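Everything below concerns the one structure shown next.
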Amino acid sequence: MTGSAPPPPPVAVAAAASDDEAPDSLPATGAAHRLRITLLMAGSCLPILGAVLIAPVLPKMQDHFATVPGAESLVPVALTVPALSLALLAPFAGVIVDRLGRKRLLLVATVLYALFGTAPLWLDSLPAIVVSRALVGVVEAAIMICCTTLIGDYYSGRLRDRYLALQTMCSAASATVFFVIGGAAGSAGWRAPFWIYAVSLLIVPAMAAALPTPRTGGTGTTARAEEDRRPFPVRPLAGICALTVFGALVFYTVPVEMAYLLDDLGVGSTGVIGLATAIASAATVAGSIAFTRLPGDPVRRLPAVLALCAAGFAVMSLAGNTTVLITGAVLNCLGTGVLLPSLLTTAMSRLDYADRGRGTGLWMAAFFGGEFLCPLALIAAESAVGTLAAAVGLLALVTAAVAVALLAGTRRSRVVGTEPAAG
């Protein structure tokens, strides 16, 4: 569910929590094992491709559909509407995957990904393109959940944790590559990047042959029945999910708006736009790596992280040239790279073992819902203050205000996620 690098699949935490249904681990050596891991990592990157690939060509799409009523809203939504689909499906994703079967659903979803992803190549209606993008989000949700749960099904213990960590790193790093590819392909026209969605068809036969159908353990039904009888901790999650909606808006502003900000500065090359956004994406990866090395409680780190994001927005809003704009984006994305895992780990710390699956689904819904709202919020702000750069400046002020509010809350020893300071 997905800063400039979309989030690593947060449902990984839920998969890791489902020990009661894990089969005996598969062998972790040999060619079959390497192919299996490669396919799962490749599948995990497909939703990331869908989230960032067309970002560099948004201005060209805007020009092409300039005469279509509402194009100024519909074109950015074409980028983010898959996130809305993910947000709506996330709370139910585990149920869907369990009912239909992981491998079978993964194969079907990967084929449909190519069909819906390439649909804009022959669609001339902007609303129809937006619908096709929403359908991409539906199959992305299935692919994301299936790949993550298959890792949990195939492996256990430290080995499973290692591959879940590898999955998040591959997802984050792939965003940088896809920004560059999207920008380069966009030089041939705004439709050209959509051909790349067909790559999913290349891995379907290998998935069908190399991924074994997982066997379910015998205690899963009992565990689910006991979980259903427990009251779900809505209140502990409410505050952190509200903060996550805002965090997602902050997180996604650079990939959604960077092309427009560069266009306002006179940069029309999609290759340059893709490269600039990729540099910001690399900063997100660096921030994510930094998160693993930072000491202390992620909750108490949130005010400083949001302050860094606000500083990046401020620099971007004042930028008079490309170098300053990219510098501001890098500052912002360093912050968002730390922000995402901070929000996720805070949410997970508020959940007992049996609640982590549903809790992760709700967190995903909050995050991807915030991503969907991002361009709409910036459009509304731009209408109010006159320019996109000024709208980003307004977002800098709001982000700084949230940081100050959280700082005041932590000083009063309020716990994020259970107290008003969390949102």
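The values are calculated or read from the model by the stated rules, or taken from the named source; none is laboratory data. Fair warning: this is a prediction, and the values are worked out from it, not measured in the lab. Cβ placement follows ideal geometry from the backbone for every residue including glycine, while neighbour counts extend to all protein chains displayed.
Here are some notes:
- Within the range 37-72, considering residues that are among the charged types (D, E, K, R) and out of contact with any Phe, Trp or Tyr (no Cβ under 7 Å at 6 or more places or on another chain), the one nearest to G268 (Cα to Cα): D63
- Residues located in the range 57-69, provided they are at pLDDT 85 or above and either farther than 15 Å from F194 by Cα or not in a helix (DSSP H, G or I) (or both): Q62, D63, H64, F65, A66, T67, V68, P69
- When the range 239-268 is filtered for residues that are out of contact with any Pro (no Cβ under 9 Å at 6 or more places or on another chain), surrounded by fewer than 17 Cβ atoms within 10 Å (Cβ to Cβ) and farther than 10 Å from G370 by Cα, the ones remaining, listed by number, are D264, L265, G266.
- Residue match in the range 142-156 (condition: within 18 Å of L53 (Cα to Cα), assigned to a helix (DSSP H, G or I) and at pLDDT 90 or above): no
- Of all the listed residues (A225, A238), the sole one being farther than 24 Å from A365 by Cβ, modelled with pLDDT under 85 and aliphatic (A, V, I, L, M) is A225.
- Tally, over the range 347-364, of residues that are at pLDDT 65 or above and in contact with a Ser or Thr (Cβ under 9 Å, 6 or more places away or on another chain): 4
- Verdict on S342 being out of contact with any helix residue (DSSP H, G or I) (no Cβ under 8 Å at 6 or more places or on another chain) and modelled with pLDDT under 95: no
For (1) assigned to a helix (DSSP H, G or I); (2) modelled with pLDDT under 85; (3) not polar (S, T, N, Q), each residue gets a yes or a no:
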{"site": "L26", "(1), (2), (3)": "no, yes, yes"}
{"site": "S44", "(1), (2), (3)": "yes, yes, no"}
{"site": "S85", "(1), (2), (3)": "yes, yes, no"}
{"site": "G94", "(1), (2), (3)": "yes, yes, yes"}
{"site": "L107", "(1), (2), (3)": "yes, no, yes"}
{"site": "L112", "(1), (2), (3)": "yes, no, yes"}
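- Residue in the range 380-402 that is closer than 17 Å to E257 by Cα, assigned to a loop (DSSP other than H, G, I, E, B) and at pLDDT 80 or above present: yes
- Residue within the range 258-267 that is at pLDDT 75 or above, in a loop (DSSP other than H, G, I, E, B), over 30 Å from Y154 (Cβ atoms) and among the hydroxyl-bearing types (S, T, Y) present: no
- Residue in the range 194-207 that is in contact with a strand residue (DSSP E or B) (Cβ under 7 Å, 6 or more places away or on another chain), at pLDDT 80 or above and either surrounded by 14 or more Cβ atoms within 10 Å (Cβ to Cβ) or not charged (D, E, K, R) (or both) present: no
- Residues in the range 305-332 that are more than 20 Å from S281 (Cβ to Cβ) and not in a helix (DSSP H, G or I): G320, N321.
To keep it simple, each residue is scored yes or no on (1) more than 21 Å from G370 (Cβ to Cβ); (2) of a type in the set (A, V, I, L, M, F, W, C).
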| position | (1), (2) |
| --- | --- |
| R34 | yes, no |
| L39 | yes, yes |
| P47 | no, no |
| I54 | no, yes |
| H64 | yes, no |
| L74 | no, yes |
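- T292 surrounded by 22 or more Cβ atoms within 10 Å (Cβ to Cβ), β-branched (V, I, T) and in a helix (DSSP H, G or I): no
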